[in-house]
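Student: Got a structure here, written out as structure tokens. Questions coming.
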């Protein structure tokens with residue numbers, strides 16, 4: 001099974017926390033509309049849980065050479081989004097549920113049952129944030145590839161793939177990532193995974209002394225740290 005970070009989300013991270021909504025007290029005898037909304041919310045929560053379980057199972061098929069982190073477990077807000085680090089590179093996988101709805105993809109435009117959600121732009125933004133955070137701590141550029149995986153039984157029509165973002169049916173996620181072969185070694189995978197788990201990576205602004213305290217290579221002086229007596 002791939003590794004997951006079990007630490008609780010940190011208070012100050014790349015994404016700002018959203019203000020909590022005031023608690024709404026349901027009446028003892030809810031209206032039909034309130035009852036329907038609650039049922040819908042519960043159904044969506046169950047579907048999100050099932051999608052997460054299926055995603056972790058798919059990513060586990062990549063084997064022990066891969067490491068996976070749930071984005072929410074490192075403090076970011078995106079649900080069903082995973083950071084996958086393995087021989088093929090570093091990927092941010094955003095899983096989107098479309099149920100039985102028909103999905104049409106034309107470049108950067110995604111249409112689901114007539115709606116045009118910003119899935120591609122969102123995935124690219126998260127990947128860019130992850131790349132900046134990892135690069136800042138590592139002291140060198142770490143490219144991160146965005147992936148949008150569609151979970152559902154509806155038809156997916158592709159009339160042109162987006163640039164800079166991968167798209168795939170949910171059930172083919174492991175095949176897609178595995179197809180990138182072995183571009184980085186296991187030692188580098190382990191180092192990138194350690195950086196991704198380190199709390200200082202996701203804090204903004206990052207105190208320079210904390211970055212200096214974390215070394216990219218064991219036994220090497222911290223990046224940007226002046227030599228003693230300089």
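The values are calculated or read from the model by the stated rules, or taken from the named source; none is laboratory data. What you see is a predicted model, and the numbers here were worked out from it, not measured in a lab. Virtual Cβ from ideal backbone geometry, glycine too; neighbours counted across all protein chains shown.
Student: Look through the stretch 136-184, keep the residues that are surrounded by fewer than 18 Cβ atoms within 10 Å (Cβ to Cβ), more than 26 Å from residue 99 (Cβ to Cβ) and without any contact (Cβ under 8 Å) to a residue 60 or more places away in the chain, and return whichever of them is nearest to the chain's Cα centre (by Cα).
Tutor: Looking at residues that are surrounded by fewer than 18 Cβ atoms within 10 Å (Cβ to Cβ), more than 26 Å from residue 99 (Cβ to Cβ) and without any contact (Cβ under 8 Å) to a residue 60 or more places away in the chain, I get 143.
Student: Got at least one residue in the stretch 103-110 being assigned to a loop (DSSP other than H, G, I, E, B) and more than 30 Å from residue 190 (Cα to Cα)?
Tutor: yes
Student: Ok, one more. Failed condition for residue 220, given (1) assigned to a helix (DSSP H, G or I); (2) more than 30 Å from residue 118 (Cα to Cα); (3) modelled with pLDDT under 90, with all others met?
Tutor: Against the list (1) assigned to a helix (DSSP H, G or I); (2) more than 30 Å from residue 118 (Cα to Cα); (3) modelled with pLDDT under 90, residue 220 comes up short only on (1).
Student: Now for a separate question. Which pairs do you get when a residue that is at negative phi and modelled with pLDDT under 80, found in the stretch 63-90, comes within reach of a residue that is assigned to a strand (DSSP E or B) and surrounded by 19 or more Cβ atoms within 10 Å (Cβ to Cβ), reach meaning Cβ atoms under 7 angstrom, with the pair 6+ apart or on two chains?
Tutor: Once the first residue is at negative phi and modelled with pLDDT under 80 and sits in the stretch 63-90, its partners that are assigned to a strand (DSSP E or B) and surrounded by 19 or more Cβ atoms within 10 Å (Cβ to Cβ) give 71/81; 71/82; 71/83; 78/94.
Student: Just name the residue that is nearest to the chain's Cα centre (by Cα) out of those in the stretch 111-127 that are within 17 Å of residue 146 (Cα to Cα) and either in a loop (DSSP other than H, G, I, E, B) or modelled with pLDDT of 95 or more (or both).
Tutor: 118
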